[in-house]
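Remarks on the structure that follows.
The values are calculated or read from the model by the stated rules, or taken from the named source; none is laboratory data. The model shown is predicted, which means the values in this text are computed figures rather than measured ones. FYI the Cβ positions are ideal-geometry reconstructions off the backbone, even for glycines, and counts take in every protein chain you see.
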Amino acid sequence: MFAAVRPANARDIAPLRELARNTFLDTYAEGCDAARIDAYIAEAYSHQALSAALEDADITVLLIERAGELAGFLQLHADDARTATFDADTLEIARLYLDRRAQGAGLGARLIEAAAERARTLGKRRLGLGVWRQNDRAIRFYQRQGFEITGTHRFDFAGEIHHDYTMHRPLSHHLEIPA
């Protein structure tokens, strides 16, 4: 089934909030404190936070839609990375979320390639991201996309410090994207 990648706009905030919230809960509900999850979601995915991201020139938010429905999104940070471990040659993938029903259909790989295209446009040499150490499924996905674990970084999860993995992928790495 055809999937389209496009930039997000203000009209997308409500469905983007819903997808972000649901995906975050699906991923972290079993391994994290419920009160911290609620606090993080309330701050990170508020209408105000998403509006600010869409208005920030250093942030790119791309959506992937399948059959006219939002299936996932990607948030890229060009210069103001959330992680101090990224240098000026790295485009940060701050978020890559897919609806649970869209996982395994090649949409995540499409978003990674969209990130690589954006990085090349910006003159970056690599992609970088942080991933929760307990998220084995995401780590395996990123490794299949050519990322390698390169270190760790501190992530403040609603007042609780996590030591997440840092992963990088050089832009010279191209992968076959399923149709």
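Could you tell me which of the residues Arg126, Arg110 is at pLDDT 85 or above, buried (at least 16 other Cβ atoms within 10 Å of the Cβ), basic (Lys, Arg) and within 13 Å of the chain's Cα centre (by Cα)?
Arg110
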Check your understanding: Is it true that Ala84 is modelled with pLDDT under 95, under 14 Å from the mean Cα position of the chain (by Cα) and among the aliphatic types (A, V, I, L, M)?
Key -> no
Review point. Which one is surrounded by the most Cβ atoms within 10 Å (Cβ to Cβ) among residues in segment 129-158 that are β-branched (Val, Ile, Thr) and part of a strand (DSSP E or B)?
Key: Val131
Exercise for review: Restricting attention to segment 39-63, report how many residues are part of a helix (DSSP H, G or I), more than 19 Å from Gln134 (Cβ to Cβ) and free of Cβ contacts under 8 Å to residues at least 24 places away in the same chain.
Suggested key: 6
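So, Asp164, is that one in a strand (DSSP E or B), modelled with pLDDT under 95 and out of contact with any helix residue (DSSP H, G or I) (no Cβ under 7 Å at 6 or more places or on another chain) or not? Let's see the steps before the verdict.
Details: in a strand (DSSP E or B): yes; modelled with pLDDT under 95: yes; out of contact with any helix residue (DSSP H, G or I) (no Cβ under 7 Å at 6 or more places or on another chain): yes.
Yes.
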Check your understanding: Would you call Glu148 at pLDDT 95 or above and out of contact with any Lys or Arg (no Cβ under 6 Å at 6 or more places or on another chain)?
Key -> yes
Check your understanding: Which one of the conditions (1) crowded, with 19+ Cβ neighbours inside 10 Å; (2) under 23 Å from Ser172 (Cβ atoms); (3) touching a helix residue (DSSP H, G or I) at 6+ places or on another chain (Cβ under 8 Å) does Phe73 fail to meet, given that it meets all the rest?
Key -> (2)
Review point. Which residue pairs have Cβ atoms closer than 8 Å, lie 6 or more positions apart in sequence or on different chains, and pair a first residue in segment 21-32 that is free of Cβ contacts under 8 Å to residues at least 24 places away in the same chain with a second residue that is surrounded by 14 or more Cβ atoms within 10 Å (Cβ to Cβ) and of a type in the set (A, V, I, L, M, F, W, C)?
Key: Leu25/Ile37; Leu25/Ile41; Ala29/Ile37
Check your understanding: Quick one: what pairs do we get from segment 6-17, first residue closer than 14 Å to Glu55 by Cβ and touching a residue at least 60 places away in the same chain (Cβ under 8 Å), second in a helix (DSSP H, G or I) and among the hydrophobic types (A, V, I, L, M, F, W, C), C-beta under 8 Å, 6+ apart or different chains?
Key -> Ala8/Leu16; Ala8/Leu54
Review point. What are the residues in segment 17-35 that are loosely packed, with under 13 Cβ neighbours inside 10 Å, in a helix (DSSP H, G or I) and within 19 Å of the chain's Cα centre (by Cα), if any?
Key: none
